[in-house]
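Asks: The structure follows.
The values are calculated or read from the model by the stated rules, or taken from the named source; none is laboratory data. Worth saying up front: this structure is predicted, and the values here are computed from it rather than measured. We place every Cβ from the backbone using ideal geometry, glycine too, and count neighbours over all the protein chains shown. Heavy atoms of the whole protein, side chains included, go into the accessibility calculation; ligands, DNA and RNA do not. Shrake-Rupley method; radii C 1.70, N 1.55, O 1.52, S 1.80 Å.
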Amino acid sequence: MMIRIGKSMALAACMLLACAGCRKQSGDGTAVNFTAIDWNTAGTISGTIHYSGTPPKRVEIDMAQDPACVFGDKNFTEQYVVNHGAMQNVFVYVKDGLGNRVYPVPSDPVVMDQKSCRYIPHVMGVMIGQPVQFTNNDSTMHNIHMMPQADGNQTVDISQPPNAGSDQRVFHSPEAMIPVRCNNHPWMQAFLNVVNNPFYAVSDAEGHFTIKGLPPGTYTIVADQEKLGEKTATVTVAAKQTAAQDFTYEGVAP
């Protein structure tokens, strides 16, 4: 006979095992030992995404089809956001090297906002099973349309009213660079990345990224850019040290 444990008892069990990781039943009934990050030995991967060549010029988007979109900041294409040879909005994540470690899934959602008829952020990551919250802070109706390809990730097609929309979805399989589009405003596009561990980052305006909390070891890390695709590197991380790893994308004709 299966005995169900109340939420309070399960929480207490997790707290007792916090140092070694929390034990939980998986969907098929097997026990899962979650790995806790040991910040006394954890290492870091840090680097810069470089762009070689002259990037295509960012073009201002004509949003006149919807008067509610023209009162905010100007909107520019985001496929190539390059500042002084450094590329923004590249998703970097640990693909291999963690072995059988399983990390707990955050219960707090990551948020993709719609503001000034843009998706903010343009690129983001989430762990498998972690909620993604889509919000609408514009004074116009938006639509969120996603067509993931991995088994377990369901199509999303949500219409959200002005200044009021808020919906959550959960994705169950790893999948990189899932396009997020708005059927009402064809220029709106973002990318969601679903990963099976908490070790990921998105390059900032200076092209920098940092992945913290890694146990010492050797890892395969991947950089993924919406137009230029993936680049892979092998990185060895020592205890309490920062391993440097840059990526360079070759330029394309403007």
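Asks: Which count do you get for residues in segment 104-132 that are open to solvent by less than 40 Å² (accessible area, probe 1.4 Å), under 30 Å from G213 (Cβ atoms), part of a strand (DSSP E or B) and not charged (D, E, K, R)?
Replies: The number of residues fulfilling the criteria is 9.
Asks: Can you tell me which residue within segment 93-103, out of those that are outside any loop (DSSP other than H, G, I, E, B) and charged (D, E, K, R), is least open to solvent (accessible area, probe 1.4 Å)?
Replies: In this case the residue turns out to be D96.
Asks: So which residues in segment 53-83 are over 29 Å from N184 (Cα atoms) and modelled with pLDDT of 95 or more?
Replies: Scanning segment 53-83 gives a single hit, N83.
Asks: Sort out for me the strands (runs of 3 or more DSSP E) sitting completely within segment 172-253 that have 2 or more residues that are open to solvent by less than 20 Å² (accessible area, probe 1.4 Å).
Replies: Once the strands (runs of 3 or more DSSP E) in segment 172-253 are filtered for at least 2 residues that are open to solvent by less than 20 Å² (accessible area, probe 1.4 Å), what remains is 175-181, 189-195, 208-214, 217-225, 229-237, 247-250.
Asks: Moving on. Return a yes/no flag: does segment 152-168 have any residue that is assigned to a strand (DSSP E or B) and under 29 Å from P215 (Cα atoms).
Replies: No - not one qualifying residue is present in segment 152-168.
Asks: Is it fair to say N193 is in contact with a strand residue (DSSP E or B) (Cβ under 6 Å, 6 or more places away or on another chain) and within 29 Å of Q245 (Cβ to Cβ)?
Replies: It is true that N193 is in contact with a strand residue (DSSP E or B) (Cβ under 6 Å, 6 or more places away or on another chain) and within 29 Å of Q245 (Cβ to Cβ).
Asks: Select, from A10, A36, the only residue that is modelled with pLDDT under 90 and either among the aliphatic types (A, V, I, L, M) or under 30 Å from N100 (Cα atoms) (or both).
Replies: A10
Asks: Starting from segment 50-68, take each residue that is under 23 Å from D224 (Cβ atoms) and list its partners that are of a type in the set (D, E) and open to solvent by less than 60 Å² (accessible area, probe 1.4 Å), counting only C-beta distances under 9 angstrom and pairs at least six apart or across chains.
Replies: What qualifies is R58/E78.
Asks: Where residues in segment 133-155 are open to solvent by less than 50 Å² (accessible area, probe 1.4 Å) and more than 30 Å from Q65 (Cα to Cα), which of them is farthest from the chain's Cα centre (by Cα)?
Replies: Once the filter is applied, the top-ranked residue is G152.
Asks: Here's something else I'd like to know. Quick one: how many residues across segment 156-171 are under 30 Å from P67 (Cβ atoms) and open to solvent by 50 Å² or more (accessible area, probe 1.4 Å)?
Replies: 9
Asks: In this structure, does P174 turn out to be touching a Cys at 6+ places or on another chain (Cβ under 7 Å) and within 22 Å of V32 (Cα to Cα)?
Replies: So P174 does not fit the description; no.
Asks: Just to be sure I understand, how many residues within segment 136-150 are within 27 Å of V195 (Cα to Cα) and among the hydroxyl-bearing types (S, T, Y)?
Replies: Qualifying residue count for the region: 0.
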